[in-house]
Amino acid sequence: MTLQCPTCEKALGSARHVFALQAQQVEYTLPGETPNEQAALKTLALTTPKRYCTSACCKAQLPELLEKLGLPAELQFGRVEGGPICPCGHCGKPVNMTQIHIGVIRGHVALKPNGEESYPNEQTMHTVLCKKCIGAQAQDLMAFARNHLKKVKAAQRREQRATEREHARERDAAERSAKPAI
């Protein structure tokens, strides 16, 4: 079954525009003088309620999509900058962008050879949501992202310990070979 654009009903190709909820975290690792210049957005997980053939078709549906999430349609004109603190699009409370949070985005994705969609390579973040205001779908996404991040960190720790053990073995071998034979 071929997916169709809900706006114009054209078949979706391998390049798509999506409206999505994205579990994300911002790290300030890039060179620059301002948080916007320094911000590096890390996508941890993505759920895509709607897919469109073009950016124009996605933009046409944006007010309705935002309202379905309980967000004001005016957010279609908003754009979240680099933070590190941004207001929740629903209640206005501060959202710490350095912690895992949900962003409401629209963006451009590509279909991979295995049929999965890539994470957005170009995107507009319209708003972020605080923990209190995320819906059930976003709560599941947050739980998935946290679990994934824990697994990644555990794998990094295992790799670091294995590297440290290998270095210790190499040092021991070097010390043994450096000792004069009796």
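Read-outs: derived from the displayed coordinates by stated rules, not from any lab. As the structure is a prediction and not an experimental result, all values here were calculated from the model. Cβ coordinates were reconstructed from backbone atoms using ideal geometry, including for glycine residues, and neighbour counts include every protein chain displayed.
Of the GluC sites (Glu not before Pro) found in the stretch 30-124, those in coil by DSSP whose Cβ has at most 10 other Cβ atoms within 10 Å are Glu33, Glu116. In this simple spin-label model, placing a label point 7 Å from the Cα along the Cα-to-Cβ direction at both Lys131 and Asn114 gives a separation of 3.2 nm. Of the labelled options [x] 85, 42, 33; [y] 73, 37, 33; [z] 56, 33, 23, which one gives Cα extents along the principal axes in Å as computed for this structure? Here Cα extents along the principal axes in Å agrees with entry [x]. Once the Cβ-Cβ distance of Ile85 and Thr48 is raised to the sixth power relative to R0 = 25 Å, the FRET efficiency obtained is 0.40. Of all DSSP-defined beta bridges confined to the stretch 12-140, some 95% are antiparallel rather than parallel. Among Cys91, Cys133, a tally of other beta-carbon atoms within 10 Å of each Cβ gives an order, fewest to most, of Cys91, Cys133.
The stretch between Lys93 and Glu67 holds 7.5 nm of extra length on full extension. This uses 0.36 nm per residue minus the Cα-Cα distance. Between the helical axis of 136-178 and the longest alpha-carbon principal axis of the chain there is an angle of about 20 degrees.
Can you give the calculated 222 nm mean residue ellipticity of the chain, where each DSSP H run of n ≥ 4 adds -39,500 (n - 2.57) and the sum is split over every residue, rounded to the nearest 500 deg cm²/dmol?
On the way: 3 runs with 61 residues, N = 182.
That comes out to -11500 deg cm²/dmol.
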